[in-house]
Every structure is written in structure tokens, then in C-alpha cells.
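Colleague: Structure provided below as C-alpha cells; questions to follow.
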Amino acid sequence: MNTNPSMERKSWKASRRLFYVVPLAAMFIPLVANDYLQFMVNIMMVYVLVTVGFNLVIGNLGQLAFANTAFFGIGAYTTAILMSHLGFTYDIALVSAAVVGGLAGLLASITALRGIRLYYLAIITMAFGELMRWVYIHADKITHGTDGLPLYNISVFGMSMHSDTAKFYVFLLITVLVVKGVSNLLRSRVGRAIIAIRDNEMTTASLGISTSNYIILTFVMSGSIVGIAGAMFAATTERVFPESFGLTEVIVHFAMVMVGGSGSLIGSVIGGAVLTILPEYFRQFPGMSELFFGGIIITILLFLPKGLASLLAKLSPVFHDRYYRD
Amino acid sequence: MTDLLRLNNISVHFSGLKALTDVSFSASPGQVKALIGPNGAGKTTLFNVISGYVPPTSGEVYFNGEEIQGLTPHEISARGVRRTFQNGGLFGEMTVLENILTGMHVQINSHFMGLLFGTRKADEEEKAAAARAMRLLALMDMSEFADQQVKSLSGGQQRMVEIIRTISTEPPLLLLDEPAVGLSPPMRIRMMEVIKRLAGEEGISILLIEHAIDLVMAGSDRIVVLCAGQNIAEGKPAEIRENREVLEAYLGYA
């Protein structure tokens, strides 16, 4: 037992500033990366946000809601429809994707608020995702069905975003802002209220916290963040297909949350990044890639049930998730 | 002395089962009032009615002159009625400090947007709350546990954390549901001292459910006896000790 907890805290506080090194160092990636690697790094940031958003509902709020592919697809299609059909620029489409994703989150929160929980919530929210995929396929006058809906002339504030390098800098900015924003919220009464609901919903209300408000808020934040990720995904692939948002996709999202660390923000960043890169890496072993991928997920979860984030937390208390400011 | 809390003819029926029938009593500031009675007498149901978890079938609950039955638990709590739970209501994955801070939720005036963008005002509000929580922990000799997960603490320490969390907003009324159960003898005495101090020095009105009759006799100012959902007696500890009806109902003397 450390005899002076406050001294220990001060040193963590200083060490945590080192987190800013990661995005700063990342700014140099375009100087060293080839086209393929640059594309992969961009996709990686998409999945970091997918995981950050999903983890809020799964890990922090503790609700088994699997509407994440619905949010992801709604974000991507909102972007593509606004740009292809209505001629909006990417910046406006991206903000709209965040808003529409948030509305989808609001819709999904109704289930949990009505007392539908656990497996029932899981199956209903998965059905929501599948239903949306049916809409993408059959509303083909708008979505072009399985042919996919293309995006042209991607630009922000009048600057072309066509190259992967340009996309990278825009994505990096968005990712840093979202992760920092989520971190700010988690380290406050908002983050504590959300986790309190997960740990003991009944007691949470006894502390004057409106549990339904925070359940709605978490779903809206999740939908909004994953909607942004969908907009980034649309810009990366430049054509949006319904099959990108199927049931296997939500399983991948779930694996990212669990491998990174359920309820951990650092875990979301790591889980999203690692599980984007690994399958790509294993592509060089045709026929074996799924075996390696599945094997690695099983191994990590067997030995690190709280994900890769718990490994970091063992190394240093700096990596502990905190829910207060000091 | 004015009544902080007043119950008027509270009845609770669960599909035919009469959990409470016409229970009336009141609670005043600075007073420890114990609720005793055999298992199934309706003590916890009464707490659930006051804190909004169970709506009464009939009767009224007044707090500070305002009718509060029908309000949600978080609305009642925000008005200053705070409670603990019999089987522990802590957030196990959180640290002690985070538990206390969650208890202070309604006192922290930071807005969503301010928190999101990390404005200086929101930051300072959160930091001030953390400092207050640390002072509260120091006051109760619990500072050294601040950064420990509550699930790693002993039962007695956990009860203490729950009480600190409950009083963190300086509520005028405190409902304690068996705070001393499962505690070691020295911890029980310490718990009772804390409860008496909260009533005596802070002027908090405390309703206490407790089975340990020695603690009740020593620590409470007045006692309400519930039996089979009815209020069968109320009085000072010495009066209750002599009450024949209570002895028959509660202690099983013929």
C-alpha cells in the first residue's frame, strides 16, 4: 500500500499527458506509408470509432444492444444519399450522419427503456440491423440496392478529400476529437452515472440520477459516434453496399469490444485497431486466415477476459480507466 | 419540532397480500428513529414506499410539507431523502472515490456540453467534487481506500462506503436498511457511533431498520414497532422494552 496516494496520483496525471504523443506521432504516417497501408490506417480509424461507440452501450451501460451495424449503415447511407442524390458536400453529410445516427440511437433506446433487456434486447436490436439491411437492398430507387451507392467529389470546406492522405488527416482529426470528447464525458458525472446503471440500476436511482435519461443519452451518443464512423467508412470505400452491414459485421464489432476490453475507452481504440489489422495480415495465408483470426480472439479472451486494456493496466496505473478528474 | 417526514395511513397490498396496513408515523430532524419488527413485518416495504420504489395502495407521504408519493425514486432522492439497501447497493466495479462521487451526482453542476468540450468551468466543478469526496473519506478514516475497487473491500468497509455515499449530499433524511448486519462487534459499535453523530451533530433525521436489539436500544431516540404490516407501538426505547404487546408480538412471549 502506497502511504501517499496523492503523490502517486500526481505522477499518473503527468504520465497521462503522454497519450497526446500518439496522435502527434500518427501525423507522420503518410510520410512512410504506401497506398495500401494508408488505406488500412484509414479503415482502422473507422473501426476505432465503431468500437468506441459500441463499447459505450455494451461495456459502459452494460446493455446487450446489437444495433451497431444499423447505426453504422445508417451513417454510411445518410452520407451517400445526401452526396449522390442531393448534392451536399462531405462535411455537411458527415454532420448529418452523426445526427441521423443519434436519432437511430434514440429509437434503439426505446427497447431498453421499455424493460426489454438481456437476450431479448440482443435479438430485437439484431433484428433492427437486419431490417435496415433489407431496406438498403429493397429501397433500390434511392440506395441502388446491391449495386451499391457511389460517392463522388468528396471534399471538406472546399478542399478535395479524394486522396487517402487527405482522408487520413480529416479522419485523424475526427477520431482524436471524438475519443477526447468521450474521455471527457466518461471522466465526469455523466460517465459515472452510465456505469452506475450497469453495476446497479436500482441504487443509481436512489442517488437522484434519472436512469432513463442516461440510458437514452448513451444510446444517442453511441448511435451518433457509430454514425460518424459510417460516414468515414463511406468516404473510404467511396461506394456503399448493403452487405457491409450484415450480421457477421456486428459480430466483428462485438469481438473488437471484447478483445479491446469491455467498458474501456483505451480498449476500444486498441480493439478496433488490432482487429482491423489482424485479418488483413492473415490474408497472406489463404484458407487459414479465419482459423488464425478466430484462434487469436479465443486466446486473448481466455487469458485476458477483460481484453488487451487489462494487459496495459497491469503494466501501469496510467492505463486504468478513471471516472473522475483530478 | 416540525415533522420532516410524515406518513399518513400508508397501506400497501400486493395482489391480496397486505404488506402494510394504515401505518402512520413521523420523523424529526436530529432524531434516530428505529423501525423494528419480525421478518416480514413490512419494514423494508415501508422504506420502499418512502423512497418511491413501491407506490402505496393508499395513504400519503409528506416530506418537508410536500406530498411525495407517486414521484420516481430519483426525484425523491433529489429532494433529500436518501437510503441504503439491505443487500448492499455499491457499484462494485468502481473505486471507493468513484462511488462517493456518483453519490454526489446531483450536487455537481457541470453541464453536458461543458464536460464534452472540457471547459475550464466543468473541469473545476468536477475537480472540486473530487476534492470534497476525498475530504469526506478523510473525515471517516477511509482515505487509504480511495482508489480501491469496492468489491475488494471487506463487508464492513463496504457498508461504511455506502453510508458515506448516502450522506455525501448532506441529506436531511436518511433511511438506513440494516447498516450493521454482518459487521464485526467493533465495527458495529463504530457504525452506531457514526449514526448517532450524524443525527446529533449534523441534525439529520435518521430512520433505521435494525435487528440487533442492543444497537437499537442504545442508539435510537424513538422506536416504531411493526408487526404483520401494522404499527403496533411507538415510544422511547425504555417504553418499548416495557410494552407487553411488543414483547408478545416481537419477542414471542406468551
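Nothing in this text is a laboratory measurement; each read-out follows from the coordinates by a stated rule. Remember, it's a predicted structure, so these values are computed and weren't measured experimentally. Note: ideal-geometry Cβ built from the backbone for every residue, glycine included; neighbour counts use all protein chains shown.
Colleague: Can you quote the Å³ per residue value for the convex hull of the Cα atoms in the range A:209-326, rounded to an integer?
Modeller: 156 Å³
Colleague: Taking each residue of B:191-203 in turn, how many C-beta atoms of other protein chains fall within 10 Å of its C-beta, and what is the average?
Modeller: 0
Colleague: Let me ask another. Sticking to Cα atoms, compute the Rg of the range A:34-253 to one decimal and its Dmax as the biggest Cα-Cα distance, whole number, in Å.
Modeller: Rg, Dmax (Cα atoms, Å): 17.3, 56.
Colleague: What average number of partner chain Cβ atoms lie no more than 10 Å from the Cβ of the residues making up A:181-192?
Modeller: 6
Colleague: Here is a further query. To the nearest 20 Debye, how big is the dipole of the range B:90-169 about its Cα centre, given +1 on the beta carbon of each Lys and Arg and -1 on that of each Asp and Glu?
Modeller: 160 debye
Colleague: Another question, then. Which whole-number percentage describes the relative contact order of the range B:64-199, with Cα contacts under 8 Å and a sequence gap of 6 or more?
Modeller: Relative contact order, the range B:64-199: 37 percent.
Colleague: Moving on to the next point. Would you list A:TRP12, A:TRP134 from fewest to most Cβ contacts within 10 Å?
Modeller: A:TRP134, A:TRP12
Colleague: Next question. If you take each beta carbon of peptide A:197-204 and count the beta carbons of other chains within 10 angstrom, what is the mean?
Modeller: Counting Cβ atoms of other protein chains within 10 Å of each residue's Cβ and averaging gives 6.
Colleague: Still on this structure, please answer the following. Report the Stokes-Einstein translational diffusion coefficient (µm² s⁻¹, integer) for the range B:90-169, Rh taken as the Kirkwood radius over Cα pairs, at 25 °C with viscosity 0.890 mPa s.
Modeller: 191 µm²/s
Colleague: How big is the range A:75-127 along each principal axis, measuring the range of its Cα positions in Å and listing the largest first?
Modeller: Principal-axis extents of the Cα atoms in the range A:75-127, largest first: 41, 17, 12 Å.
Colleague: Can you check what the Kirkwood hydrodynamic radius comes to for the range A:230-272, Cα pairs only, in Å to one decimal?
Modeller: That comes to 11.4 Å for the range A:230-272.
Colleague: What relative contact order, as a whole-number percentage, does chain A give when Cα pairs under 8 Å and 6 or more residues apart are counted?
Modeller: 31 percent
Colleague: Further, regarding this structure: A:LYS314: which lysines have alpha carbons under 25 Å from its alpha carbon, excluding same-chain residues fewer than 8 sequence positions away?
Modeller: Hits, sequence-local ones excluded: A:LYS10, A:LYS13, A:LYS180, A:LYS306, B:LYS151.
Colleague: Using Cα pairs under 8 angstrom and six or more residues apart, how large is the relative contact order of the range B:122-254, in percent?
Modeller: It comes to 15 percent, rounded to a whole number.
Colleague: Continuing with this model, one more query. Beyond 25 Å, what share of the Cα-Cα pairs of the range B:1-115 is found? Please give it as a whole percent.
Modeller: Value for the range B:1-115 (Cα pairs over 25 Å): 32 percent.
Colleague: Per the Kirkwood formula on distinct C-alpha pairs, the Rh of the protein assembly as shown is how many angstrom?
Modeller: 26.3 Å
Colleague: While we're here: For each of B:ARG188, B:ARG244, B:ARG165, count neighbouring Cβ atoms within 10 Å of the residue's Cβ, then give the residues from fewest to most.
Modeller: Ranking B:ARG188, B:ARG244, B:ARG165 by Cβ neighbours within 10 Å, fewest first, gives B:ARG244, B:ARG188, B:ARG165.
Colleague: Please work out the ratio of the alpha-carbon Rg of chain B to 2.2 N^0.38 Å and round it to two decimals.
Modeller: 1.06
Colleague: Additional query: With runs of 4+ DSSP H residues as the only contributors, calculate the mean residue ellipticity of chain B at 222 nm using -39,500 (n - 2.57) per run, divided by the residue total and rounded to the nearest 500.
Modeller: Mean residue ellipticity, 222 nm, calculated: -11000 deg cm²/dmol.
Colleague: Per residue of chain A, what 222 nm ellipticity follows from adding -39500 (n - 2.57) for every DSSP H run with n ≥ 4, rounded to the nearest 500?
Modeller: -23000 deg cm²/dmol
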